[in-house]
1. Is it the case that some residue within region 100-108 is small (Gly, Ala, Ser), without any contact (Cβ under 8 Å) to a residue 40 or more places away in the chain and in a helix (DSSP H, G or I)?
2. Going residue by residue through region 249-264, is there one that turns out to be under 28 Å from the mean Cα position of the chain (by Cα) and at pLDDT 85 or above?
3. Could you tell me whether any residue of region 234-254 is outside the structural domain of residue 184 (by TED's automatic domain parsing) and closer than 24 Å to residue 187 by Cα?
4. Condition test on residue 88, is it of a type in the set (S, T, N, Q), surrounded by fewer than 19 Cβ atoms within 10 Å (Cβ to Cβ) and under 31 Å from the mean Cα position of the chain (by Cα)?
5. Residues 275, 264, 256: which one is under 11 Å from residue 297 (Cβ atoms) and either part of a loop (DSSP other than H, G, I, E, B) or hydroxyl-bearing (Ser, Thr, Tyr) (or both)?
6. Residue check: is residue 251 β-branched (Val, Ile, Thr) and touching a residue at least 40 places away in the same chain (Cβ under 8 Å)?
7. If I ask for residues that are loosely packed, with under 14 Cβ neighbours inside 10 Å and under 20 Å from residue 228 (Cβ atoms), which ones from region 267-284 would you list?
8. Across region 297-314, what is the total count of residues that are surrounded by fewer than 18 Cβ atoms within 10 Å (Cβ to Cβ) and part of a helix (DSSP H, G or I)?
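The values are calculated or read from the model by the stated rules, or taken from the named source; none is laboratory data. Values in this document were obtained by computation on a predicted structure and should not be read as measured data. Cβ: placed from backbone, ideal geometry, glycine included. Neighbour counts: every protein chain shown.
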Amino acid sequence: MPQDVMDILIGSSGQAVNRDPQASREHFVAGSNAEQAGDRHGAIEKYRRAVQFDPENGEALFKLAFALDLVGEEEEAMATYERCVDLQPAHINALINLAICYEDRGSYRRAEKCLRQVLETQPNHARALRYMKDVEASFDMEVDEDIERDTTKRNAMLDTPVTDFELSVRARNCLKKMNIRSLGDLLRITEAELLGYKNFGETSLQEIKDMLTAKGLRLGQGLDEQHNVLRNAVYEQLRGTPQEHLLNKPVSDLELSVRARKALQLLDVQSIGDLCARTEAELLGVKNFGTTSLLEVRDKLSELGLGLREIGNE
């Protein structure tokens with residue numbers, strides 16, 4: 001073989017490999033003939049030789065990957081498809097087949113990337129469009145499973161008894177008397193409520209806060225989440241009504257008295273929608289918020305055609 005026909009490459013083994021496009025084409029033809037004769041394993045060997053003589057022979061790489069796929073050599077087939085699509089321009093059918101391999105293994109992002117590469121050059125490619133729909137549907141399933149798994153994990157954590165945590169005897173006893181049994185119970189109580197209990201002081205409070213902080217949690221977090229749900233319900237109930245645009249307005253627009261405003265600040269009520277998600281009992285539970293302030297809030301909301309949430313409307 002003339003030296004001017006060959007290029008010297010370095011193979012994966014570190015040994016010199018002779019690059020010979022002519023020999024590669026000959027082995028490719030021999031592989032195609034073996035494939036037509038039904039000799040898949042013989043075809044694979046010929047295609048391997050074709051790729052060995054010319055690693056940039058994209059058609060030989062694709063045929064080798066496809067033949068390997070047919071005989072169940074999934075790992076080598078995928079690796080060969082990946083080599084094939086790395087060439088420029090990328091082999092369209094190799095991209096689609098590689099996307100299918102990725103999807104079968106649950107690698108939906110990789111599958112999507114391959115299909116998008118096809119659709120960038122051929123936006124109406126029927127097979128690519130069809131498989132893209134399957135991949136996008138798999139995304140929804142994947143997200144649902146992730147959400148379910150995260151929810152299960154979170155619920156298990158919230159059900160953890162407070163006795164499992166390293167708290168002082170005083171803190172444990174106080175929580176027991178307050179009927180706070182689990183981590184979830186602890187997240188549904190505020191600092192003020194803990195400090196308002198007999199024999200529960202700042203030291204015990206800090207101890208509990210430190211324990212929750214280490215887990216990325218805080219006191220009152222469960223109440224915040226509950227109020228978010230209730231607020232969203234109020235927004236949904238008033239969707240499409242003339243009052244809907246009022247819900248996102250700041251509560252300061254109501255021009256309440258100083259006492260009423262301070263009480264709402266303690267409840268972290270920022271918008272009129274936040275206020276509508278609260279009940280009369282919640283407002284009256286705030287220190288210095290009496291009947292006079294309650295009537296003031298009710299009147300202001302009534303002028304706008306709104307009102308506080310009633311117990312049972314959750």
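1. The answer is no; no qualifying residue exists.
2. Among the residues of region 249-264, not one is under 28 Å from the mean Cα position of the chain (by Cα) and at pLDDT 85 or above, which makes the answer no.
3. Of the residues in region 234-254, the ones outside the structural domain of residue 184 (by TED's automatic domain parsing) are 234-254.
After this cut, where a residue has to be closer than 24 Å to residue 187 by Cα as well, the list is 234.
Yes - at least one qualifying residue is present in region 234-254.
4. Here the answer is no, as residue 88 does not meet what is asked.
5. 256
6. Criteria not met by residue 251.
7. Going through region 267-284, the residues loosely packed, with under 14 Cβ neighbours inside 10 Å turn out to be 268, 281, 284.
268, 281, listed by residue number.
8. Residues in region 297-314 being surrounded by fewer than 18 Cβ atoms within 10 Å (Cβ to Cβ) and part of a helix (DSSP H, G or I): 4 in total.
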